[in-house]
Amino acid sequence: MDKIYFDNAATTKIDSSVLSTINNVMQENYGNPSSTHSFGRASRTIVEKARKSIAEQFKVTAGEIFFTSGGTESDNMVLISAVRDLKVETIITSKIEHHAVLNVVKYLEKKYLTKVIYVEIDKNGCIDYQHLEQILDSNKSKTLVSLMHINNEIGSVLDIKLVGEICKKYNAIFHSDTVQTIGRYDMDLSLINIDFIVGSAHKFHGPKGIGFLYVNKKLNIEPIVIGGSQERGLRAGTESVHNISGMETALLLAYNNLENDKKYIKDLKNHFIKQSKELIPNIKFNANCDDYKTNSYTVLNVCLPVAKEKSILLEFNLDLKGIACSRGSACQSGSSKGSHVLNHILEKEDLEKPSLRFSFSKYNTIQEVDIVVNTLKLFIESN
């Protein structure tokens, strides 16, 4: 049985070129990059080359890029350091952020008595920009705004440039969880007023366990992981040279092929929408997933016309047929509460029906889309 993978928002298949890079570095460049001998210097060169490549891609300086284990660590570093080191007293965020933000904010609220304000969102998962400005206008304390660029569950897209302008107007620090952005959308940070972004390599066909954090050079934050002087003192621990190099390769591949891949993936999503509408009456697309003005081309979150008592068999049925998708984010797997994102945007009637997230990549095909949609159709029509 051929398996079909439509859970690319959770993680992606590693690119063969990335694998080659990683294997080559592990075999040939095994020196510790902090060592001063030739083996160490060779590894250091690889690390700094990758840092420069990433910085150039986003139009920032190499000194503003720090390597981490991924998005969760990077978000933690930003939020904790903002309160602890930058003396932020108020955090403005939304209730549909990733838990790498939401749970840290709750921790800061409890430990440091940080004031947390949640900006209003509409039924499509888009924030109310006017409400954001009202909050900032009435708030006099030092503030961090933390809003994700692309929601990992429903694909809603933040107007990141507009939020940056609003934050600048009110002298607020701006952090965005851009894990679903990197490798999928071009970002010129020289044109955006933003202080922190994060990236995770496994979201763009790179290795797991490696990511990066951009920190505006105007801000000085202290380390959370304390030890040696790696990453210019911000993150102790020997750098994962092979994974850093693999992430660089994955990033360059993603952006070198961005327009072609974007068109291809958008065509897949459009075909999924078209076929679903034709074959599955009363299907709904959560958060206007079929509208690219406010939604990502990589994510499709659908609400299926299936009775509550039957819906528990849906994922099991798909998995038996080798089809991988997601009910909410991968981080929500096993939770009895369901998706916190959908809980905030759907009516009660739709919350009782199963919603599934299908997320696409360059490795998916039109034929796979047809198989999945037909499988859903047969399941819904079965007794």
* Asked: In segment 229-257, how many residues are under 15 Å from Gly206 (Cβ atoms) and within 22 Å of the chain's Cα centre (by Cα)?
  -> 16
* To do: Please give the number of the condition Phe174 fails out of (1) in a loop (DSSP other than H, G, I, E, B); (2) without any contact (Cβ under 8 Å) to a residue 40 or more places away in the chain.
  => (1)
* Structure fact -> Checking Ile135, Ile154 in turn, the sole residue that is out of contact with any Leu (no Cβ under 7 Å at 6 or more places or on another chain), within 24 Å of Val104 (Cβ to Cβ), in a loop (DSSP other than H, G, I, E, B) and modelled with pLDDT of 95 or more turns out to be Ile154
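Which residue, of Glu222, Glu239, is in contact (Cβ under 8 Å) with a residue 60 or more places away in the chain, assigned to a loop (DSSP other than H, G, I, E, B) and either farther than 14 Å from Ala50 by Cα or out of contact with any helix residue (DSSP H, G or I) (no Cβ under 6 Å at 6 or more places or on another chain) (or both)? Show your work before the answer.
Values: Glu239 fails: either farther than 14 Å from Ala50 by Cα or out of contact with any helix residue (DSSP H, G or I) (no Cβ under 6 Å at 6 or more places or on another chain) (or both).
Selected residue: Glu222, the only one of Glu222, Glu239 that is in contact (Cβ under 8 Å) with a residue 60 or more places away in the chain, assigned to a loop (DSSP other than H, G, I, E, B) and either farther than 14 Å from Ala50 by Cα or out of contact with any helix residue (DSSP H, G or I) (no Cβ under 6 Å at 6 or more places or on another chain) (or both).
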* Just a yes or no: is a residue in segment 322-334 modelled with pLDDT of 95 or more, over 18 Å from Asn152 (Cβ atoms), assigned to a loop (DSSP other than H, G, I, E, B) and out of contact with any helix residue (DSSP H, G or I) (no Cβ under 6 Å at 6 or more places or on another chain)? -> yes
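Looking at Ser156, Ser229, which one is among the hydroxyl-bearing types (Ser, Thr, Tyr) and surrounded by fewer than 18 Cβ atoms within 10 Å (Cβ to Cβ)?
Details: Ser156 fails: surrounded by fewer than 18 Cβ atoms within 10 Å (Cβ to Cβ).
Answer to the check: Ser229.
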* **segment 109-125: number of residues that are within 13 Å of Asn286 (Cβ to Cβ) and either free of Cβ contacts under 8 Å to residues at least 12 places away in the same chain or acidic (Asp, Glu) (or both)** => 1
* Structure fact -> When segment 32-53 is checked residue by residue, the ones that are small (Gly, Ala, Ser), over 30 Å from the mean Cα position of the chain (by Cα) and either surrounded by 18 or more Cβ atoms within 10 Å (Cβ to Cβ) or part of a helix (DSSP H, G or I) (or both) are Ser38, Gly40, Ala42
* Lys310: more than 20 Å from Leu376 (Cβ to Cβ), free of Cβ contacts under 8 Å to residues at least 12 places away in the same chain and in the same structural domain as Arg357 (by TED's automatic domain parsing), yes or no? -> no
* Single residue of Asn23, Asn29, Asn8 found to be assigned by TED's automatic domain parsing to the domain that holds Val299, more than 20 Å from Arg235 (Cα to Cα) and out of contact with any Leu (no Cβ under 7 Å at 6 or more places or on another chain) -> Asn8
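Examine segment 109-117 for a residue that is assigned by TED's automatic domain parsing to the domain that holds Arg84 and under 13 Å from the mean Cα position of the chain (by Cα), and state whether such a residue exists.
Within segment 109-117, the subset assigned by TED's automatic domain parsing to the domain that holds Arg84 is 109-117.
After this cut, where a residue has to be under 13 Å from the mean Cα position of the chain (by Cα) as well, the list is none.
Within segment 109-117 (the criterion being assigned by TED's automatic domain parsing to the domain that holds Arg84 and under 13 Å from the mean Cα position of the chain (by Cα)), the answer is no, since none of the residues qualifies.
How many residues are over 20 Å from the mean Cα position of the chain (by Cα) and buried (at least 19 other Cβ atoms within 10 Å of the Cβ) when one looks only at segment 65-90?
Of segment 65-90, the ones over 20 Å from the mean Cα position of the chain (by Cα) are 81-90.
Filter again for buried (at least 19 other Cβ atoms within 10 Å of the Cβ), leaving 81-83, 88, 90.
Residues that pass the stated criteria total 5.
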* To do: Determine whether segment 177-185 contains at least one residue that is in the same structural domain as Glu133 (by TED's automatic domain parsing) and more than 30 Å from His131 (Cβ to Cβ).
  => yes
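The values are calculated or read from the model by the stated rules, or taken from the named source; none is laboratory data. Note that the structure is predicted; figures quoted are calculated from it, not measured. Cβ coordinates were reconstructed from backbone atoms using ideal geometry, including for glycine residues, and neighbour counts include every protein chain displayed.
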